[in-house]
Amino acid sequence: MSAFSSRLREGLLILHSIMYLAYSQIYRRYCGSLLGLGWSLMSPMIMIAVYYLAFRIFFRVPIENFAVYLAAGLMPWLFVVNSVIASAKTLTNHRDVLENYTISPLLFLFSTVMAEWLFFLMSYVVAIIFAAISDLTNWTTLLLPVYLMPLFIFTAASGVIIGYASVHFRDIPHLLGVFFALAFWFVPIVYHWSFIPEGYVDIIRYNPLSILITPSQVILHGNALPSLKVFLAGIYLSLIWVAFALYIHRRFRKRIVYYL
């Protein structure tokens, strides 16, 4: 029992440290800003407005309640993009601490993703409000935290992988912008599955980000629960990515300071 209590206290201490570092990042980012955290809502709102204008008004995409569909897909997408790009610079930004103190790089990487997760939760309220206005919310909305967990786990693992890789390959932060700009169009955010030509459906269907973002769209826009197959696919995908991230961490954690 004492061993369990010790592990529990250690786990709570690590969680407290991650949350503290996450809040510190948020404070530094918006300290002195006139709108403060309002900027975390402003950016996704502007993007939703631009995409809505382009695809609903100009191109007349035939998706009912398009604003809800767009928000339900765009918010998780921005969480992944912002988390991974921020993680690519996390370890080099904390070079002095890692070189002078015995501290796990995971603390900084997880706190970076946690900070973006908190921003995501705040901005995701916008998507829920859109759904409520469109009368698309019901009891399934309460299960959103469960269905969004694979997305969070996958993104945290991606942050670890990219964080370590960026220390060895300094071009990665620059390449990520190009990668995500292309990857965006392979995820059904501004279009629906039914618009995809039959020969290309599998490319979109088995895209990891499509698998992880789909539950958000199904619950908020479809007003239903995703299929068990989709949910389990997200869990399996995130667990595989966690295993890979742990492998990367265990292999490079002791040598990482020599590359900073």
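The values are calculated or read from the model by the stated rules, or taken from the named source; none is laboratory data. Predicted model, so just to flag it, every value in this text is computed and none were measured. Reconstructed Cβ throughout: ideal geometry from the backbone, glycine too, with neighbour counts over all protein chains shown.
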Report the residue count in the range 79-105 for those that are farther than 17 Å from residue 153 by Cβ, in a helix (DSSP H, G or I) and of a type in the set (S, T, N, Q).
4
Just wondering, is there one or more residues in the range 218-233 that are surrounded by 15 or more Cβ atoms within 10 Å (Cβ to Cβ) and either within 30 Å of residue 93 (Cβ to Cβ) or of a type in the set (D, E, K, R) (or both)?
no
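Yes or no, residue by residue, for (1) modelled with pLDDT of 90 or more; (2) under 24 Å from residue 125 (Cα atoms); (3) of a type in the set (A, V, I, L, M, F, W, C):
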{"site": "157", "(1), (2), (3)": "yes, no, yes"}
{"site": "160", "(1), (2), (3)": "yes, no, yes"}
{"site": "179", "(1), (2), (3)": "yes, no, yes"}
{"site": "186", "(1), (2), (3)": "yes, no, yes"}
{"site": "191", "(1), (2), (3)": "yes, yes, no"}
{"site": "196", "(1), (2), (3)": "no, no, yes"}
{"site": "200", "(1), (2), (3)": "no, no, no"}
{"site": "206", "(1), (2), (3)": "no, no, no"}
{"site": "216", "(1), (2), (3)": "yes, yes, no"}
The helices (runs of 4 or more DSSP H) lying entirely within the range 116-205 that contain at least 1 residues which are small (Gly, Ala, Ser) and buried (at least 21 other Cβ atoms within 10 Å of the Cβ) are 144-168
Filtered residues of the range 80-96 (kept if in contact with a Phe, Trp or Tyr (Cβ under 9 Å, 6 or more places away or on another chain) and of a type in the set (A, V, I, L, M)):
80, 81, 84, 85, 91
Scanning for something surrounded by 13 or more Cβ atoms within 10 Å (Cβ to Cβ), within 21 Å of residue 70 (Cα to Cα), more than 18 Å from the chain's Cα centre (by Cα) and modelled with pLDDT under 95, does the range 245-256 turn up at least one residue?
no
Within the range 25-78, tally of residues that are at pLDDT below 85, aliphatic (A, V, I, L, M) and not in a helix (DSSP H, G or I):
3
Test: residue 52 is more than 29 Å from residue 208 (Cα to Cα), in contact with a Leu (Cβ under 8 Å, 6 or more places away or on another chain) and of a type outside the set (D, E, K, R):
no
Please find, among 215, 208, the residue that is under 26 Å from residue 112 (Cα atoms), out of contact with any His (no Cβ under 9 Å at 6 or more places or on another chain) and surrounded by fewer than 23 Cβ atoms within 10 Å (Cβ to Cβ).
208
Can you tell me which residue among 58, 66 is farther than 26 Å from residue 179 by Cβ, out of contact with any Cys (no Cβ under 7 Å at 6 or more places or on another chain), buried (at least 18 other Cβ atoms within 10 Å of the Cβ) and without any contact (Cβ under 8 Å) to a residue 60 or more places away in the chain?
66
